[in-house]
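A short worksheet on the structure shown next.
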Amino acid sequence: MESTIKAPRGTRDVLGDESWKWTHVLNVCRDVAGDFGYSEVLLPIFEHTELFSRGIGDTTDVVEKEMYTFIDKGDRSITLRPELTASMVRSYLEHDMKRAPQPVKLWSAGPMFRYERPQKGRYRQFWQIDFEILGAQSPMADLETIDTSMEIYRRLGLTNLQVLINSVGCPNCRHAYRDALKRFLESGPGLDALCETCQGRFERNPLRILDCKKPACREATEDAPAIWDSLCDECRSHFEDVNRGLSRIGADVKLDKRLVRGLDYYTKTAYEILAGELGAQNAVCGGGRYDNLAEAIGGPHVPGVGFASGIERIVITLEGQGVFLGEKPKTEVYVVTASSDFAIEASALAHELRASKLSAGTDYAGRGMKAQMKQAAASGADFVCIIGEDEAASGTVSVKNMSNGEQRSIPRNEAAAKLVLWREERNR
Ligand code: HAM
């Protein structure tokens, strides 16, 4: 016999005992988005490959190694989106949002795809929430994006988060810094001290060497010059303003000269938010400014800043911190029949209960009453409605309160209203 087909490596089924937590996270995002004035957009899951190779950068791991790219039947190179920022900017340009009052604030959520080595908190298909402010140059916009993400985490009940922040400068000052870093590496530790990947990065993308996690590379770059010393006046004052603002919003912030991020579009501010509960994959959020991204994909100059946060990682952190999210939604009322003769009546009652916004279930397997009661208990129902000969004859329903075992008979036509009332009393 052929083996049964499993979900592909790096993907996972989010089942009923977890998916409600996702809904909760998304509801909180929606609330925060409303309070901060972001409008929700729903963008394609696949885009032209060029959007990412030009937007994210040809020499990044994401573009070089991690994209799900294929040629479609019309001979176009298509890529499953590895992130949302490039698509957000594409959409802004395509719909001429530059004509709208600036800035334009957009948010979205959905699955992303990266061919990475799966481990806890790292998947090949994962969900991001993504928030972007387009058309704002002010450092206060950078600050607002950090505030937005921290507000989401605060409303979710997450604590102990640390914001790491850096500036990666603009092309002008970054150029000077690249040279300084290369000089340091050549004259100090020497290229042989670096791992093979970083030796390859030396010419193409030397800043990435700073955030290599290999001990040898970390040691070699320990005393590397900080980019702060190479920032031009504009980038420096921008960075200082963001930091001054951050000190006012009460976040735990650390300057991190190694933080360069894995996507090439960043200019000036770059940040990550870390949660200890995540282990090696400890970033719950990553973001920053990308003033040249719109031009890189063929548009006019549009400054932008934003962040994305992984929902799987948010949920792992919520669970790791033991945050109480409320109870898993469950069946509130289970309708039991004395025999299958009353199946239609049971369906009709369940229909009425649902129309009154009570969650209701009933048996479809022709089980005996005892087995139905067991089902009712297993479903976690607070109340069981019983329909048998007597009830049908007298136009009543017997209702059993599952928490105290009490049973009473009520008129059939009052069942929904009474149960709504009892649920309210129970939840009080
Ligand atoms: P990123 O740092 O690549 O940034 O991803 C942002 C967040 O997505 C990470 O902090 C993490 O929570 C989650 N994430 C990334 N990769 C995975 C994975 N393989 N499995 C599970 N979760 C993952 C971006 O994507 C930028 N577009 C963020 C941004 C928005 N910058 C400006 N605007």
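The values are calculated or read from the model by the stated rules, or taken from the named source; none is laboratory data. Being a predicted model, the structure only gives us computed values, none of them experimental. So basically every Cβ, Gly included, is an ideal-geometry build from the backbone, and we count neighbours across all protein chains shown.
So which of Ala220, Ala216, Ala280 is among the small types (Gly, Ala, Ser) and touching a strand residue (DSSP E or B) at 6+ places or on another chain (Cβ under 8 Å)?
Ala280
Out of curiosity, is Gly304 modelled with pLDDT of 95 or more and near the ligand (Cβ under 8 Å from one of its atoms)? Spelling it out, Gly304 is indeed modelled with pLDDT of 95 or more and near the ligand (Cβ under 8 Å from one of its atoms). Annotation for region 42-54: no member residue is near the ligand (Cβ under 10 Å from one of its atoms) and over 17 Å from the mean Cα position of the chain (by Cα). Filtering region 127-141 for residues that are hydrophobic (A, V, I, L, M, F, W, C) and more than 14 Å from the ligand (Cβ to nearest atom) leaves a non-empty set.
So which of Leu259, Leu255, Leu246 is more than 13 Å from the ligand (Cβ to nearest atom), in the same structural domain as Met67 (by TED's automatic domain parsing) and crowded, with 19+ Cβ neighbours inside 10 Å? Working first, answer last.
Numbers: Leu259 fails: more than 13 Å from the ligand (Cβ to nearest atom); Leu255 fails: crowded, with 19+ Cβ neighbours inside 10 Å.
Only one candidate qualifies: Leu246.
Looking at region 369-382 only, could you name the residues that are out of contact with any Asp or Glu (no Cβ under 7 Å at 6 or more places or on another chain) and either surrounded by 13 or more Cβ atoms within 10 Å (Cβ to Cβ) or hydroxyl-bearing (Ser, Thr, Tyr) (or both)?
If the condition is that a residue be out of contact with any Asp or Glu (no Cβ under 7 Å at 6 or more places or on another chain) and either surrounded by 13 or more Cβ atoms within 10 Å (Cβ to Cβ) or hydroxyl-bearing (Ser, Thr, Tyr) (or both), then Met369, Ala371, Met373, Ala376, Ser379, Gly380 are the ones that fit.
Report yes if Val260 is in a helix (DSSP H, G or I), touching an Asp or Glu at 6+ places or on another chain (Cβ under 7 Å) and under 20 Å from Leu274 (Cβ atoms), otherwise no. Considered against the rule, which asks whether it is in a helix (DSSP H, G or I), touching an Asp or Glu at 6+ places or on another chain (Cβ under 7 Å) and under 20 Å from Leu274 (Cβ atoms), Val260 comes out as no. From the list Gly55, Gly74, Gly110, the lone residue that is surrounded by fewer than 13 Cβ atoms within 10 Å (Cβ to Cβ) and at pLDDT 95 or above is Gly74. For the residues Arg236, Arg204, Arg244, the requirement of being under 30 Å from the mean Cα position of the chain (by Cα) and basic (Lys, Arg) singles out Arg244.
For first residues located in region 281-294 and under 15 Å from Gly306 (Cβ atoms) and more than 6 Å from the ligand (Cβ to nearest atom), partners that are assigned to a helix (DSSP H, G or I) and of a type in the set (Asp, Glu) and lie 6+ apart or on another chain with Cβ distances below 7 Å form the pairs Arg289/Asp142.
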